[in-house]
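Nothing in this text is a laboratory measurement; each read-out follows from the coordinates by a stated rule. Just so it is clear, the model here is predicted, and its values are computed rather than measured. Please note: Cβ atoms are built from the backbone with ideal geometry, for glycine as well, and neighbour counts cover all protein chains shown.
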Amino acid sequence: MTKAELHDVVMVGAGPAALAAALYTTREDIDTVLYEKGVIGGLAAITDWVDNYPGFPDGLAGLDLSEKLQKQAERFGADIRLGAVLKITDKGEVKELETTDGLIQAKTVLIATGSDYKKLGIPGEEEYYARGVHYCATCDGAFYREKRLVVVGGGNSAVQETIFLTRFASHIDLLVRGDTLRASEVLQQELKKYSDKVAVHFNTTTQKIVGKDNKVTGVQGVSTKNGKNVNFETDGVFVFIGLLPNTSFLEGSGIALDDIGMIRTGDNLETSMPGVFAAGDVRSGATMQIASATGEGATAALMIRKYLEPHTH
C-alpha cells in the first residue's frame, strides 16, 4: 500500500473560519490542505448581502467576501480541494482522514464544517431563499423596516430573533406549531412587552410560502385545532427551527459533541481528540456570525502552530 500523504494541518470545510485559519497557517509555512464538499465560503457564500462584516462600510455580497477570503488564503499557498472528509481516526502522533480522494494523514486537524439552518421543507422555501425567506435576523432583519414579517418557530432562537426583528418590522406574526412556546421563561416574559407588534399564533403549521414577481407576499398555514387554513400577509419570512451542525461524519470518532451535535472545545479551541481543533459555526457556543468565525479561525491557527512546535523538532 502506498504511504498516505502527510500534512501539517488538514482543515475540514472552507468557510470563513477555515479560510481565515489557512491564511495564518500558510503565512508561517505550515503546510495546509482544506477539504470543502459544498461551496467555498460556506453559508457566507450563499448569503445575499453582508452588512455587518468589519471593514466594509458599504457592505458586500456574501459571494464577494468568500472569494476575497479564498484568494487571500491561496496567495500564501493554501491547497483547497473539493471533496469530503468521511472519517477521522486518532493514530497518536498523526490523525488519519478518510476522504473522497482516499486516505490522508495530518499532524493536526481543524474542523470548520459549519452548520446549516434547519429547513421547513415546504413549497416556496427554496424558491424564495434570500428573496424573502431568511434564517438569520442579524443578517437580514434591517431589510424589513416598517414591513410585515412572519417568524416560524417556538424555541429560544425564534423568540430572541422575533424580539430583535421588532426594531425594524411594523408587525410580526409568530407561528408556533405546538400549543406553547418552548423558549425560556425569561424570553417569554420579554416577548410580552412587544405585544403591540407581535401576534403569537399557537397550533399553527406552516404549509407554503407564496409570492409573486420574485417577492414573498404571504404564508399559508393550517390550524392543528380545527384543520382550517390560515393565511398571513407578509413581506418576509424568518425561519428559526434550529441548526444542524455538519458533524455526522464524526460519528464513532470519539470527538465530544454537545446535545445538539456541535463540537465541544476547550479554551484553546481543541476538541477532546488531541491535535484536533474546531472553529466557527460548528463549535458549541458559536455566535453564528462571519466576523466571529474568522476570529476563531485566526485563534485556532495560532493554537495549531503552538501544538505543532514541540512536534516538529
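Annotations for the structure displayed:
- Treating r as the C-beta distance of residue 226 and residue 291 and R0 as 51 Å, the FRET efficiency rounds to 0.65.
- Sparse-neighbourhood loop sites, chymotrypsin sites (Phe, Trp or Tyr not before Pro) in the range 240-293 - DSSP loop, at most 12 other Cβ within 10 angstrom: none
- Span-like helix criteria (full DSSP H runs; alpha carbon extent of at least 24 Å along the helix axis; mean Kyte-Doolittle hydropathy of at least -1.0) are satisfied in the chain by 290-312.
- Order of 238, 143, 168 - criterion: other Cβ atoms within 10 Å of each residue's Cβ, fewest first: 143, 168, 238
- Beta bridges per DSSP with both ends in the chain, % antiparallel, nearest 5: 45 percent
- One decimal place: the segment residue 210-residue 142 gains 22.3 nm when fully extended, by the rule 0.36 nm per residue minus the C-alpha distance.
- Normalised size of the chain, defined as Cα radius of gyration per 2.2 N^0.38 Å with N residues, equals 1.10.
- Charged-residue dipole, Cβ positions (Lys, Arg, Asp, Glu), the chain about Cα centre, Debye nearest 20: 840 debye
- Within the same chain, aspartates and glutamates fewer than 8 places from residue 212 are excluded, and of the rest, those with a Cα less than 17 Å from its Cα are 125, 126, 127, 233, 235.
- Given their separation in residues at 0.36 nm each and the Cα-Cα distance between them, residue 259 and residue 196 gain 19.1 nm when the chain is fully extended.
- The range 59-130: GluC sites (Glu not before Pro) in DSSP coil with no more than 16 other Cβ atoms inside 10 Å: 93, 126, 127
- Calculated diffusion of the range 119-239, Stokes-Einstein form, Kirkwood radius summed over Cα pairs, 20 °C and 1.002 mPa s, µm²/s: 152 µm²/s
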